[in-house]
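J.: Let me give you the structure first, and then I'll get to my questions.
Just so you know, all these numbers are worked out from the coordinates, no wet-lab data involved. Everything numeric in this text was worked out from a predicted model, so none of it was measured. In this analysis, Cβ positions are derived from the backbone assuming ideal geometry, glycine residues included, and neighbour counts consider all displayed protein chains.
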Amino acid sequence: MSYDSLIDQLAKDLKPVRRRRLNADLAIVAAICGVELLLFFRLGMARAGMPSMLQHPSFWWRLASLGLIAGISAILAALSFNPAFSPRRGIRALAVLVLVCLGTGLCIGAGPDGLKTLVQRLDWFDGLHCAGKVIALSLPPVVGLGLLMRRGAPTDMRATSLLVGLAAAAWGAFVFVFACPFDDPLYIAVWYSTGCGVVVALTRMLLPRLARW
Amino acid sequence: MTDADWRAMMIAAQSGNAVLYRQLLGELGAWLRRYYARRLPPVMVDDTVQEVLLAIHEKRHTYDPKQAFGPWLAAIARYKWVDRIRAMKAATMEEISEAFPADDHTEKMQTARSLEVLLSRLKPPQAEVIRLVKLQGLSIEEAATRTGQTIALVKVNIHRGIAKLSALAQGGDQ
């Protein structure tokens with residue numbers, strides 16, 4: 001098609017569009033996450049003995065860290081659906097935040113035991129089970145953010161995909177906090193990070209192909 | 001036309017004003033030709049401009065009228081440019097089979113293409129003055145007038161560009 005006929009065709013095909021709005025995107029993601037959380041409790045998937053859990057510092061550490069990471073990542077991801085926004089600086093700040101959260105958790109209760117005890121504390125079988133659940137709980141926000149990414153126009157696909165993965169993974173882990181029977185910060189740091197890492201790696205690998213424009 | 005004019009036309013286009021949209025696309029096409037003329041081999045400019053116009057059409061809902069139009073357009077143009085460069089790099093990785101001996105004409109085309117690929121990896125001002133002076137035969141003064149660079153800068157850009165080209169040709173720069 002020649003240049004002029006392309007312009008004619010595009011002008012002919014023009015229809016009014018509804019502008020993409022950051023707040024609307026964030027509201028959609030929040031709604032998806034809200035429904036997931038509601039279903040999670042309604043289906044009785046939460047851990048028994050919630051009142052005692054509320055006394056445990058590791059519970060609040062998990063909720064605060066994961067909620068903060070999920071919220072900031074989701075905002076940055078939604079911002080980066082705009083072509084003119086570069087998410088690189090935000091990712092660097094998030095990396096620091098993740099390290100601070102992990103460091104805080106390890107300070108709560110990792111250090112004093114010997115190596116053998118540490119290995120026992122990791123509890124491989126349950127750990128892999130937990131990581132699997134974190135991955136499963138990350139799927140709704142991955143789908144929601146992925147669809148919004150396709151509708152948007154991110155110009156740094158890799159960075160945006162990474163943010164989508166991080167937001168979804170942190171949210172999946174956040175929900176899983178209400179079901180996780182383990183309170184050991186070392187166990188949480190290792191297995192939650194494993195589950196989140198898988199989600200981030202997969203979205204980072206797949207989303208740029210699916211959301212290419 | 002200023003950024004404010006383009007912005008106003010895009011806002012009108014988002015509401016469905018086809019007349020202003022057509023005018024806007026014409027303006028953007030001219031701007032994109034200039035943008036890519038300094039960044040891509042001449043044979044690729046038209047295709048890329050059309051691709052970007054299509055992308056602008058499909059993604060026009062992502063333009064936020066509260067923001068300036070220029071950065072939005074430049075981000076899309078740059079994204080498509082990087083995409084093209086990646087595709088070119090991937091294409092140069094394809095091995096040419098020994099079973100297809102190249103005649104002189106094919107060889108010349110391959111050389112020209114390889115040169116364009118190498119030029120596209122230089123900084124745009126360097127590639128531009130090398131094209132003008134070394135390939136099209138313009139004088140340093142003419143190239144300076146054409147590009148808006150000073151004579152000294154043209155010389156420096158040619159010198160540095162050629163040094164980088166030879167490094168690239170030897171596979172020393174990644």
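J.: Show me, for region B:145-150, the HN-Hα J-couplings you get by feeding each phi into the Karplus relation (A = 6.51, B = -1.76, C = 1.60, θ = phi - 60°), rounded to Hz, glycine and proline as x.
T.: So the J values, rounded to whole Hz, are 5, 5, 9, x, 8, 6.
J.: If we restrict to alpha carbons, what Rg and Dmax does chain B come to, in Å?
T.: 19.3, 59
J.: Turning to a different aspect of this structure: Please give, to one decimal in nm, the separation of the simple spin-label points placed at B:A169 and A:C107, each 7 Å out from Cα toward the Cβ.
T.: In this crude label model, B:A169 to A:C107 measures out at 5.8 nm.
J.: Take chain A, connect every pair of alpha-carbon atoms lying under 10 Å apart with a spring to form a Gaussian network, then pick out the residue of A:I188, A:I28, A:I72 with the largest mean-square fluctuation.
T.: Comparing A:I188, A:I28, A:I72 in the GNM, the peak value goes to A:I28.
J.: May I ask you to order B:65-77, A:175-187 by the average number of other C-beta atoms within 10 Å around their residues, highest value first?
T.: Those peptides, ordered most packed to least, come out A:175-187, B:65-77.
J.: In peptide B:6-17, what is the residue-averaged number of other protein chain Cβ atoms found within 10 Å of each Cβ?
T.: 2
J.: Figure the gain on full extension for A:M205 and A:L43 (residue separation times 0.36 nm, minus the Cα-Cα span) and round it to one decimal in nm.
T.: 55.1 nm
J.: Let me ask something additional. Rounded to whole Å and sorted largest first, what semi-axes of the equivalent ellipsoid does the C-alpha gyration tensor of chain A yield via the square root of 5 times each eigenvalue?
T.: Equivalent-ellipsoid dimensions as semi-axes: 39, 18, 14 Å.
J.: Right, something else. Given 0.36 nm per residue, what is the gain on full extension from B:T145 to B:A12 after removing their alpha carbon distance, in nm?
T.: Full extension from B:T145 to B:A12 adds 44.1 nm.
J.: Provide A:L102, A:L66, B:L165 in ascending order of the number of other Cβ atoms located within 10 Å of each residue's Cβ, fewest first.
T.: Final ranking by Cβ density, sparse to dense: A:L102, B:L165, A:L66.
J.: Can you give me the angle between helix B:42-58 and the longest principal axis of chain B, using Cα atoms only, in degrees from 0 to 90, rounded to the nearest 10?
T.: 30 degrees
J.: List the lysines whose Cα lies under 23 Å from the Cα of B:K59, skipping any in the same chain that are fewer than 8 positions away.
T.: Result set, ordered by chain and number: A:K12, A:K15, B:K80.
J.: For n ≥ 4 DSSP H runs only, could you compute -39500 (n - 2.57) per run for chain A, divide by its residues and tell me the 222 nm figure to the nearest 500?
T.: Calculated mean residue ellipticity at 222 nm is -26000 deg cm²/dmol.
J.: Shifting gears a bit: Spin-label point model (7 Å from Cα, Cβ direction): what's the A:V143 to B:K66 distance in nm?
T.: 3.1 nm
J.: Run the reach check for B:K134 against lysines, Cα to Cα strictly under 27 Å, same-chain hits fewer than 8 apart removed. What comes back?
T.: The qualifying lysines are B:K89, B:K108, B:K123, B:K155, B:K164.
J.: So how far apart, in nm, are the two label points at A:V35 and B:D46 if each is 7 Å from Cα heading toward Cβ?
T.: The answer from the label model is 4.8 nm.
J.: While we're on this one: With a length cut of 15 Å (Cα positions projected on each helix's long axis) and a Kyte-Doolittle mean of at least -1.0, go through chain A and give me the DSSP H helices that pass.
T.: Length and hydropathy pass: A:22-42, A:57-79, A:88-109, A:124-151, A:157-176, A:185-210.
J.: Still on this model: In the protein assembly as shown, if every C-alpha pair distance is counted and binned at 10 Å from zero, what percent goes to each bin?
T.: Spelled out bin by bin, the protein assembly as shown gives 5, 18, 22, 20, 17, 12, 6, 1, 0 percent.
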